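The structure appears right after this line, and notes come after that.
The values are calculated or read from the model by the stated rules, or taken from the named source; none is laboratory data. These figures come from a predicted structure and were not determined experimentally. No Cβ is skipped: glycine too gets one built from the backbone with ideal geometry, and neighbour counts run over all protein chains shown. What goes into the accessible areas is simple: the full protein's heavy atoms, side chains included, and nothing from ligands, DNA or RNA. Shrake-Rupley method; radii C 1.70, N 1.55, O 1.52, S 1.80 Å.
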Amino acid sequence: MLTAWFLGRAGMTVRLLERGKICREASWAGGGILSPLLPWSYPDPVSALVQWSQQFYPQLAEILHAATGIDIEWLQSGLLMLDVSADAHISKWAERHECSLQSIDGRHLSELEPGLGMFPRASLLLLQVAQLRNPQLCKALGRMLPNVGVVLHEQTEVTGFIEVDGRVQGVISDRGEYPADRVIVAGGAWSPLLLQKLGLELPVKPVRGQMIQYQASAGLLQHIVLYRDHYLIPRRDGLILAGSTLEDVGYEDATTVTARKMLMQRATELLPILDNYEVVRHWSGLRPGVSDGVPFIGQHPAFAGLFINTGHFRNGVVMAPASARLLADQILQQDSFTDTAPFQLHRA
């Protein structure tokens, strides 16, 4: 939807085809943390997308609210990383990307978040990290797209491509054909299945993630808290999200009792008072997994007119505006904010 929005604002005629309801897969299911969990563990091209998006999101939140009246609840809550110290690698990364890191000792940590169930000697606080509510973002984008002339076709499944002499000239769907000068595949974990219809392989696979949500009290937790692979995200209204799993189970998106119990255990270890609150929701989503975390953004080398924007793995929401901007700039044949080479498909 963000890619369509950038192109629509530039005056292009855009149709968005969705096999179900818009934004009901990984974009809806994520926690909305606007940072990779361990940002220094990713290649620099990922950091470039993350930083551009982080700077753009406050503006986007205002644009969406003005256009639709929907608050996506952008909130600079900070990311508190337990039992992590700023070693030489982390410090160099922070300096290179102008990111402020604050070292927190056990006493300071107990003052910041007195309800935590553990107080390691050293932790890190990334003050600039914000969050948003994915479903609100999705709803606002869906309402705003018609304002720039984008036509939405929900419940419309793409079943093939119109291809003539090595050029993609549209798509075939269960509701008919849609000719187009350019076709963008932005189907998340399902993108490889679409490309297979052209005999193409894409090294993206579904990785299931499960999360739970507590209805707690507002102010119970102030920061996003991360310990190893698990995190808690506090919303303004007292909801607390606990996630998440990483499961290689193909396209199976069902939730499991085992994951629910594990997530509850990790959540209450981090914040023991959650034992007094009810889990009000448990859901899952399928991330478009890639081995190095770098998404594919650009024209496919095998077919003219075919573009890809997928493979964002765990960082789809935080990289979304920058990824959309980067692809739109390529389609519009204009300079962009970063080098496009690391995201091209020929690297695969």
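Brief remarks follow.
- With contacts taken as Cα pairs under 8 Å at a separation of at least 6 residues, the chain carries a relative contact order of 23 percent.
- Counted charge near S123, where neighbours are those whose Cβ lies closer than 13 Å (Asp, Glu -1; Lys, Arg +1): -1
- Net charge over other residues, Cβ less than 10 angstrom from the Cβ of A216 (K, R count +1; D, E count -1): -1
- Here's the list of aspartates and glutamates a cross-link from K139 could span, going by alpha-carbon distance under 16 Å and ignoring same-chain residues fewer than 8 apart: E18, E25, E62, D71, E73, E154.
- Per residue accessible area in Å² of the chain, where ligands, DNA and RNA are left out and the probe is 1.4 Å: 45
- For the range 200-348, alpha-carbon Rg relative to the globular expectation (2.2 N^0.38 Å, N residues): 1.28
- Estimated Rh, the range 265-348: Kirkwood, alpha-carbon pairs, angstrom: 15.5
- Amide H contacts under 5 Å for G117, placed H, 5+ residues apart: L271
- Within straight-line reach of K205, meaning a Cα separation under 14 Å, sit the following aspartates and glutamates at least 8 residues removed in sequence or on another chain: E247, D248, E252, D253, D292.
- Length, then width, then depth: along the principal axes, the Cα atoms of the range 8-164 run 60, 37, 27 Å.
- Taking the average, over residues, of other Cβ atoms within 10 Å as the packing measure, peptides 209-221, 98-110 rank 209-221, 98-110 from highest down.
- Descending Cα extents along the principal axes, the range 160-259, whole Å: 60, 27, 23
- Rg and Dmax, both from the Cα atoms of the chain and both in Å, are 20.6, 68.
- Taken over the range 228-274, the percentage of Cα pairs per 5 Å bin, counting from 0 up to the bin with the maximum distance, is 5, 19, 28, 22, 16, 8, 3, 0.
- Note on K92: no lysines have a C-alpha under 16 Å away, same-chain residues under 8 apart excluded.
- Percent carbon-and-sulfur accessible area, the range 101-149, ignoring ligands, DNA and RNA, probe 1.4 Å: 50
- Amide H contacts for I184 (H built 1.01 Å from N in the peptide plane; partners 5 or more residues away or on another chain; cut-off under 5 Å): F307.
- Integer Hz, Karplus 6.51/-1.76/1.60 couplings in order for the range 117-133, x for Gly and Pro: x, 8, 9, x, 4, 9, 9, 10, 10, 9, 5, 6, 5, 10, 9, 8, 9
- Heavy-atom accessible surface of the range 1-60: percent carbon and sulfur, 1.4 Å: 47
- The alpha carbon radius of gyration of the range 15-62, expressed as a multiple of 2.2 N^0.38 Å, is 1.43.
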